[in-house]
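Take a look at the structure below.
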Amino acid sequence: MSVSVYLDHNATSPPRPAVLDAMVEALRMGGNPSSVHRAGRNARGRIETARRSVATLVGALPAEVVFTSGGTEANNLALTGSGQPRVLVSAVEHDSVLKAVAAAEIVPVDHDGIVDLSALERMLREASEPALVSVMLANNETGVLQPIAEVVRLARTAGALVHCDAVQGTGKVTVDFHGLGVDYLSLSAHKFGGPTGVGALVVRDGAPLRADRRGGGQERYRRAGTENVAGIAGFGVAAEAAAAGLDVAALRDRLEVELRRIAPDAVVHGAAATRLGNTTCISMPGVKAETQVMALDLAGICISAGAACSSGKVGASTVLAAMGVPADEAATAIRVSLGWNTTADDIERLIAAWRDLYVRVAHSDIAHAQAA
Ligand code: PLP
């Protein structure tokens with residue numbers, strides 16, 4: 001069945017047509033960007049054009065952009081490559097941050113999923129060893145935005161470096177690498193209409209970075225291996241398009257209002273915090289997330305369980321657990337994430353399908369109660 005309503009942009013946002021055109025063109029032209037002949041120079045030109053576009057999107061210098069195979073590699077490169085003996089990460093980070101360094105210390109978050117700044121300050125004071133602090137810009141499950149400026153202030157006072165996973169925030173809110181004052185920033189093209197398998201680590205000029213793969217001088221010796229020219233070209237075009245911003249907050253707000261009208265005891269996680277305008281993480285009381293995902297899929301609507309993990313199975317959400325959401329409530333949380341091609345009609349179809357499911361489940365509960 002063809003997908004008619006796609007509302008899972010935080011998983012992957014479909015590539016924009018101009019992105020596909022740029023990728024096909026790059027593949028057709030071929031060329032190794034390290035070759036000195038014209039085919040090589042042509043490929044090199046595409047990479048440097050994309051580097052400028054990506055840098056512009058996040059307020060960085062082109063030379064600070066290191067292309068990678070995506071957000072996961074960028075996060076791993078920052079956490080292992082900064083060379084700091086201590087690594088402090090927030091409890092709601094993506095697994096590619098949480099699991100990058102085995103001995104990472106976990107900084108707690110509050111009920112809205114916001115990093116506990118007093119705890120961070122205390123933890124930074126506890127030891128004198130050089131540290132790296134990693135706090136994401138926006139959460140992938142809830143969309144909650146973190147107070148990065150405050151994190152940077154505390155880290156600087158303690159002489160620590162800062163990494164920010166901006167994979168979900170980029171293209172949805174304005175990102176200013178130099179304005180934020182972080183040392184490392186992770187990006188991923190497929191979260192805002194670029195291809196999968198390509199991303200970048202933005203590294204402040206002068207920040208330490210030990211390459212984790214060697215064997216070539218690409219990316220100024222910061223990431224060896226022949227570049228993914230077509231992917232990077234698509235990333236650049238997606239970055240140019242994303243500079244216009246994403247204006248879907250009104251649709252997301254309407255969705256939340258309507259879902260809560262249908263199920264007054266539905267809970268929007270992180271609702272009291274400042275969030276991305278494209279994301280809602282909502283629990284439908286009594287209905288398992290998998291049931292909702294499957295029922296909506298049958299209705300032609302793609303959304304995800306709050307805790308969809310990379311293996312495709314639904315595990316307990318570490319994000320909601322860290323926020324103190326009870327396990328049974330977390331098990332009923334779905335994530336709806338809007339993107340560049342979302343329409344008002346998509347939202348109406350989701351509201352209608354969700355209402356159908358809720359009514360069906362409510363009636364079957366009554367039937368069960370009467371039978372008992
Ligand atoms: N960081 C966050 C916050 C994410 O949501 C994701 C992907 O879901 C990643 C990192 C990993 O990015 P990629 O899929 O490009 O490896």
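Every Cα-Cα pair in segment 17-242 was counted, and those over 27 Å apart are 31% of them. For segment 17-242, the relative contact order works out to 29 percent when only alpha carbon pairs closer than 8 Å and six or more residues apart are counted. Carbon-plus-sulfur accessible fraction, the chain (probe radius 1.4 Å, protein heavy atoms only): 55%. Once backbone amide H atoms are built at 1.01 Å from N, ASN32 has GLY40 as its partners under 5 Å, excluding neighbours fewer than 5 places away on the same chain. Amide H to amide H distances under 5 Å link ASP8 with SER337, where only residues 5 or more positions off or on other chains count and H is placed in the peptide plane. Along the axis of the charge dipole computed for the chain (Cβ charges of +1 for Lys and Arg, -1 for Asp and Glu, origin at the Cα centre), the listed residues LEU296, ALA55, GLY215 are led at the positive end by GLY215. Taking a spot 7 Å from the Cα of ALA272 along the direction of its beta carbon, which residues of segment 80-122 have an amide N less than 14 Å from it? Counting only backbone N, you get 110-115. Ligands, DNA and RNA aside, HIS111 has an accessible area near 120 Å² when probed at 1.4 Å. Between VAL361, VAL268, VAL133, the residue with the greatest mean-square fluctuation in the GNM of the chain (Cα pairs under 10 Å linked by springs) is VAL361.
Per-residue Karplus couplings for segment 117-124, computed as 6.51 cos²θ - 1.76 cosθ + 1.60 with θ equal to phi - 60°, are listed in order as 5, 5, 5, 4, 4, 4, 5, 5 Hz, Gly and Pro entered as x. For segment 13-68 versus segment 214-277, the inter-centroid distance based on Cα atoms is 20 Å.
Measuring only protein heavy atoms, the 1.4 Å probe finds LYS191 accessible over about 30 Å². Using θ = phi - 60° in the Karplus curve 6.51 cos²θ - 1.76 cosθ + 1.60, the 3J(HN,Hα) couplings for segment 208-223 round to x, 8, 9, 5, 9, 9, 10, x, x, x, 4, 6, 6, 6, 9, 7 Hz; x is entered for Gly and Pro. Taking all protein chains together and a 1.4 Å probe, the residues SER128, SER337 rank SER128, SER337 from largest to smallest accessible area.
The angle between the Cα long axis of helix 344-371 and the main principal axis of the chain comes to about 40°, on a 0 to 90 degree scale. Across q = 0.08, 0.09 Å⁻¹, segment 118-263 modelled as identical point scatterers on its alpha-carbon atoms has Debye log10 I(q)/I(0) values of -0.30, -0.37, in the order of the q list.
The packing ranking of peptides 95-101, 211-217, 193-199, 254-260, highest mean first, is 193-199, 95-101, 254-260, 211-217, where packing means the average number of other beta carbon atoms within 10 angstrom of each residue. Sorted largest first, the spans of the alpha carbon positions of segment 1-148 along the three principal axes are 56, 45, 27 Å.
Using a probe of 1.4 angstrom and keeping all protein chains present, the accessible surface of the chain works out to 42 square angstrom per residue.
Against the criterion of solvent-accessible heavy-atom surface with a 1.4 angstrom probe, ARG52, ARG44 sort, most first, into ARG52, ARG44.
The values are calculated or read from the model by the stated rules, or taken from the named source; none is laboratory data. This structure is a prediction, so every number in the text was calculated from the model and none was measured. For neighbour counting, all protein chains shown are included, and Cβ atoms are generated from backbone atoms with ideal geometry for every residue, glycine included. In case anyone asks, the SASA skips ligands and DNA or RNA and just uses the protein heavy atoms, side chains included. Shrake-Rupley method; radii C 1.70, N 1.55, O 1.52, S 1.80 Å.
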